Amino acid sequence: MRRIIFYTLALAGVLTACRKTEFQRPPVGVPVPYTDTATSDFNTLLAQSTQKLFYAAWQKSHIDSLLKTEGNGIRFTVLAPDDAAMTAAGFTADKIATAKVTDLDSLMLFHVIPVYIDSAILLGQQGNVRHKSLLRDRTIKEMVTRPGSAVSFPEAYTYKLYLGVAPDRSLLINGKKSGRITPIYARNGIIYPISQPLVRPGKLMIDIIDTDPRFTILSGLLKAMDSTWEAVSYGWFERQQHQALRMYPGNIVAGNAFFAPTNEAFKKAGFNSVEDLMTLNARSMPYLDEEWGEMRNGLFVTDSLLAYSSWGRMYAPRTSIGAGSGVPAMFWSNDLNDAMLSTFALVTSGDNSVPVYLMPFGFGMNGTQITLKVKGSSHAAANIVEADIPTLQGPLHAVDNLILGDKVEF
């Protein structure tokens, strides 16, 4: 019974945390009067383009009929990789010729956005703007706030693309430079030729952590904490800390970026193994108060070492009735700067009963690497040694230092 209750509470937590829609920046500038002179459709323009492999996949797929099912009058944005990008993604002419049509349908749907993204608006925007592709996975759910509602509901997971513009005016997709912005205008939308393959995420964050040799200490620590919790709670209570790295009950994925400390990060802090970290945890272990049927000391000591990997929301102000609503921090590398994020609210004030929780980090650069540290902390900044690793939850950024505030002692 307790397990059922805690699954219910977990889902309620997701509903509350995702009540606010993901932060979207307002459009910049005013609409420019425009008379559409494009007369050719996607098929004609792609046939005339240098995107031969993409066009071959387009022709073999059902994308034309799939676009028609979206309704009349909808104008689309197509991201069309060049032949080098398609080849890099494994879609050679031979592979396309033997590919299943359903696989090519998924490929095409991931490259089509069901809105018209004008190049002038794109060039004028600040930071990334999220766009939903046409590709969905109905075996996975995400919490979506419908128009006119303040409550989130589970819906089929939609694969998203984050479009931005680099200082050199090249197109950024999910933080990666993807070529110059050279739109091709079609009767039914717009085509952006791109020079990089779009990488569709297929793994959860925990899958990356468990399989990448750079994260063996982090992976082992998470498993050790979970198994210890299971043992001391007799399986009666579900551990919610770091659950967002996995799926929530009901196959629900929560969207957020995560800063994953590498083995090097732990070793710099003096922890050479999972055993070293569990020795630290022995200072104050969670335990079950059997008289009251409650867990005490609900956090491990090492949860504080990982708190800022999840943006430090653990420290958000709260009252006896709880904290405000979490705002997804779906930030790719080109958004990680003070100009963009210094006053970003990661947790709202709810019903104005608690202060908002603002971005705790200051960002900088160390050569070509982005750095971040807790504002005012005496601990060394962390370098992002690999940014924008795509996962179903969002970008995972690998860091070479633990992200710590001065209150953490070990």
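The values are calculated or read from the model by the stated rules, or taken from the named source; none is laboratory data. Just so you know, these numbers come straight off a predicted model, no measurement behind them. No Cβ is skipped: glycine too gets one built from the backbone with ideal geometry, and neighbour counts run over all protein chains shown.
Condition check: within 30 Å of ILE117 (Cβ to Cβ), in contact with a strand residue (DSSP E or B) (Cβ under 7 Å, 6 or more places away or on another chain) and not assigned by TED's automatic domain parsing to the domain that holds GLN125. Does ILE208 satisfy that? Explain how you work it out, then say what you get.
Details: within 30 Å of ILE117 (Cβ to Cβ): yes; in contact with a strand residue (DSSP E or B) (Cβ under 7 Å, 6 or more places away or on another chain): yes; not assigned by TED's automatic domain parsing to the domain that holds GLN125: yes.
Judged against the criteria, ILE208 is a match.
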One residue from SER61, SER65, SER49 being of a type in the set (Ser, Thr, Tyr), exposed (fewer than 15 other Cβ atoms within 10 Å of the Cβ) and either within 22 Å of HIS131 (Cα to Cα) or modelled with pLDDT of 95 or more (or both): SER65
In region 365-395, residue farthest from ALA257 (Cα to Cα) [restricted to those that are in a strand (DSSP E or B) and either of a type in the set (S, T, N, Q) or outside the structural domain of GLU264 (by TED's automatic domain parsing) (or both)]: ASN366
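Condition first: in a loop (DSSP other than H, G, I, E, B) and buried (at least 17 other Cβ atoms within 10 Å of the Cβ). Now tell me which residues in region 201-214 satisfy that.
PRO201, LEU204, ASP212
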Could you check region 316-343 and list, in sequence order, the residues that are surrounded by fewer than 17 Cβ atoms within 10 Å (Cβ to Cβ), more than 19 Å from ALA382 (Cα to Cα) and not charged (D, E, K, R)? PRO317, THR319, SER320, ILE321, GLY322, THR343
If you check PHE110, PHE91, which single one turns out to be under 21 Å from the mean Cα position of the chain (by Cα) and assigned by TED's automatic domain parsing to the domain that holds LEU46? PHE110
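Which helices (runs of 4 or more DSSP H) sit wholly inside region 223-332 and have at least 2 residues that are in contact with a Gly (Cβ under 8 Å, 6 or more places away or on another chain)? Even if it seems obvious, please write down each step before you answer.
On the way: elements: 263-268, 274-281, 303-306.
Filter on region 223-332 gives 274-281.
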Which of the numbered conditions does SER133 fail, given that it passes all the others? Conditions: (1) in a helix (DSSP H, G or I); (2) crowded, with 16+ Cβ neighbours inside 10 Å. (1)
Would you confirm whether any residue within region 141-154 is surrounded by fewer than 18 Cβ atoms within 10 Å (Cβ to Cβ), at positive phi and in the same structural domain as ILE63 (by TED's automatic domain parsing)? yes
